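J.: This is the structure, below, for whatever I ask next.
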Amino acid sequence: MLMKRQNTKRCFLLLIWFVVLLLTASCSGITQDASSSVEPTSTQTPTPKPTSAPLCVTPNSGQIDSSELGWWNDVVFYEIFVRSFYDSDGDGIGDFNGIVEKLDYLNDGDSTTTDDLGITGIWLMPINPSPSYHGYDVMDYFAVNEEYGTMEDFQNLLDEAHQRGIKVIIDMVLNHTSSHHPWFQEASTNSDSPYRDYYIWEDPAPSFDSPWGTDVWYRIDTGSYYAIFWAGMPDLNYTNPKVTEEMQEVIRFWLEDVGVDGFRLDAIKHLIEEGEIQENTLATHKWWEGFYDYYNSINPEAFTVGEAWSSTSEVLKYIGDEVNIAFEFNTAGAILKSARLGSKQYISEAHQLITRSYPPHQYATFITNHDQPRVMSELMRNIGQAKTAASLLLTGPGVPFLYYGEEVGQTGRKPDENIRTPMQWSDGTNAGFTTASLPWKSPQGDYKDWNVATQTGDADSLLSQYRALIHARNEYPALRIGNLLELPTSERGLYAFLRYTTDQTLLVLINMSDKPIRDYRFCLSEGDLEIGTAHEILWGLEVSSPDLNNNGGFDNYQPLEELEAYTTYIIELK
Ligand SMILES: [Ca+2]
Ligand SMILES: [Ca+2]
Ligand SMILES: [Ca+2]
Ligand SMILES: [Ca+2]
């Protein structure tokens with residue numbers, strides 16, 4: 001009896017497995033039609049053999065409609081925690097003037113020099129007055145944190161950045177205020193105050209928790225209020241039109257009176273709750289649609305990037321009519337995983353998903369940010385893997401964001417203060433961050449080996465890799481706004497792909513393995529190539545040219561005899 005039941009169960013499982021196989025097969029068929037595709041006849045992975053003919057691929061004929069792109073698609077952003085970047089006046093706290101002093105490091109505004117990092121956008125973490133060190137609980141939306149400088153200092157930073165062709169966006173925290181904000185002070189002490197309804201009160205408090213299981217209802221003398229993150233960050237009540245009006249004025253102020261280029265929008269998925277549903281609600285989407293219309297009416301060139309820490313299928317609902325772009329957390333995880341495991345599988349899957357899901361390039365890519373362990377800690381100090389991660393970020397589609405210090409391999413794990421430590425400028429006292437004897441926070445203990453000064457003259461350093469990649473991205477539109485077509489090889493550690501526009505074709509080779517790769521060949525059944533030349537643009541290496549076939553592609557191309565471990569090459573083909 002038992003045997004029989006097991007057999008039946010096994011048959012049933014087999015049947016399910018078969019159905020799943022069928023579904024997978026048909027889904028991947030759809031995938032291939034929608035994105036630039038591998039030829040259907042050659043989708044089966046061959047047994048890796050050195051002499052096997054390469055799989056042929058054909059580019060997608062659909063070109064990207066440039067009217068769907070924005071100025072942000074030409075930008076490489078750099079996230080700065082002001083408190084930790086550079087201290088100009090020796091009080092141990094980073095400030096606006098400190099950033100101005102370091103702008104030439106970021107981008108000197110001269111396109112002929114390449115010893116700067118080359119970034120073209122800055123995201124400043126919150127700059128408003130706040131009782132916390134990080135600033136994600138705002139006390140005054142119309143002022144700057146005086147520890148960082150004055151509004152004049154900030155205006156000066158904007159001017160100096162703009163002169164160098166750097167856009168500046170600021171963090172905007174709309175979901176909640178600080179409990180020290182005058183609105184909440186008033187609302188929490190006086191139930192009859194007009195500000196009472198700026199927040200969310202219920203009596204008795206409901207019993208539900210946050211999606212991650214923490215308390216969200218806090219009892220004080222006058223009642224219980226809702227705060228999804230913690231008691232010090234009471235959520236604003238956006239079902240009250242007054243709150244929306246107040247925040248529209250905030251947005252107008254920063255765009256029109258101050259002149260920032262846009263906003264990084266914090267925690268957008270938590271804006272409006274519907275009962276116990278506390279993320280990605282319909283009311284939240286509706287509110288952001290109104291917000292989108294509002295800020296575009298103030299300045300149609302204004303840019304927003306949203307933080308919706310969710311799966312791609314949820315994130316993309318915000319794109320294009322609520323915010324311009326949002327962070328691609330799934331791709332960030334895939335970059336790290338591919339770099340760590342030396343396998344293209346994860347990033348290849350992520351690229352397929354985002355290129356078929358979003359409008360072309362309307363997503364923000366990154367590796368880790370101020371809420372996550374630093375890249376170099378995630379990769380256990382493996383500089384080869386860190387270079388791979390940088391290459392995947394900066395040769396890939398979308399709008400890339402770096403987190404300050406990532407380019408010199410800064411480390412840090414949670415708690416949060418430890419992933420937001422001072423920028424490591426040199427091997428001097430306090431990593432060259434401040435002349436104060438006591439910085440607000442000590443730099444990481446290994447700063448003497450990992451800093452800007454030490455890596456600047458070293459062609460093999462991580463910093464040199466970031467510089468080369470960013471300058472290449474600035475120079476070649478195909479890296480910024482081109483299509484992506486993977487060139488299959490049997491080497492799991494070799495991620496090879498074309499980035500191409502109508503008049504530019506780049507072949508990107510990333511050997512993410514710890515071994516050299518020699519046995520690889522590429523086949524492009526058709527393309528736009530006309531003369532059959534190849535030119536390596538990252539390091540100026542000599543590379544072989546492809547023999548063009550009759551369709552402007554190539555059948556059996558090997559540009560370099562050997563791809564060294566953990567190396568990246570970008571080859572322009574004509
Ligand atoms: Ca200072
Ligand atoms: Ca320059
Ligand atoms: Ca909320
Ligand atoms: Ca939408």
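Bear in mind these aren't lab numbers, they're just calculated from the coordinates by the rules spelled out. Keep in mind the model is a prediction, meaning the values are calculated, not measured. Positions of Cβ are backbone-derived with ideal geometry, glycine not excepted, and every protein chain shown enters the neighbour counts.
J.: Report the residues of the range 64-104 in range of a label on L438: point 7 Å along Cα→C-beta, backbone N strictly under 16 Å from it.
T.: 90-94
J.: Quick check for you: which residues of the range 267-282 have the amide N under 12 Å from the point 7 Å beyond the Cα of E202 toward its beta carbon?
T.: Within reach of a label on E202, which here means backbone N under 12 Å from a point 7 Å along Cα→Cβ, the range 267-282 contributes 273-278.
J.: Using helices alone, what [θ] at 222 nm do you get for the chain, with -39,500 (n - 2.57) per DSSP H run of 4 or more residues, divided over all residues and rounded to the nearest 500?
T.: So the calculated ellipticity at 222 nm is -8500 deg cm²/dmol.
J.: If you don't mind, there's one more thing I want to ask. Where both residues lie in the chain, what percent of DSSP beta bridges are antiparallel, nearest 5?
T.: The answer is about 55 percent antiparallel.
J.: Report the net charge of residues surrounding F85, where surrounding means a beta-carbon distance below 9 angstrom and charges are Lys +1, Arg +1, Asp -1, Glu -1.
T.: 0
J.: Which of rounded, prolate or oblate describes the range 457-574 when judged by the alpha-carbon gyration tensor and an a/c cut-off of 1.5?
T.: Numbers: a/c = 1.83, a/b = 1.26, b/c = 1.46.
Judged from the Cα gyration tensor, the range 457-574 comes out oblate (a/c at least 1.5, b/c at or above a/b).
J.: Between D104 and L341, what is the FRET efficiency for a Förster distance of 41 Å, r being their Cβ-Cβ separation, to the nearest 0.05?
T.: That pair, D104 with L341, gives E of 0.60.
J.: Then there is this: Please report E328, E273 as a ranked list, fewest other C-beta atoms within 10 angstrom at the top and most at the bottom.
T.: In order of increasing Cβ crowding within 10 Å: E273, E328.
J.: Just to confirm a number: summing +1 for Lys and Arg and -1 for Asp and Glu over residues other than S338 whose beta-carbon lies under 11 angstrom from that of S338, what do you get?
T.: +3
J.: If you filter the range 453-561 for chymotrypsin sites (Phe, Trp or Tyr not before Pro), then keep DSSP loop positions with at most 14 other Cβ within 10 Å, what is left?
T.: W539
J.: Continuing with this model, one more query. Take the Cα of D446, step 7 Å along the line toward its Cβ, and report every residue of the range 539-568 whose backbone nitrogen sits under 13 Å from that point.
T.: none
J.: Suppose R0 equals 51 Å. What FRET efficiency, 1/(1 + (r/R0)^6) with r the Cβ-Cβ distance, do D528 and D371 give to the nearest 0.05?
T.: 0.75
J.: If you don't mind, there's one more thing I want to ask. Please give me the summed charge of the neighbours of H270: other residues whose Cβ is under 11 Å from its Cβ, Lys and Arg +1, Asp and Glu -1.
T.: It works out to a net charge of -4.
J.: Now for a different question. Give me the Å³ per residue figure for the convex hull around the C-alpha atoms of the chain.
T.: 182 Å³
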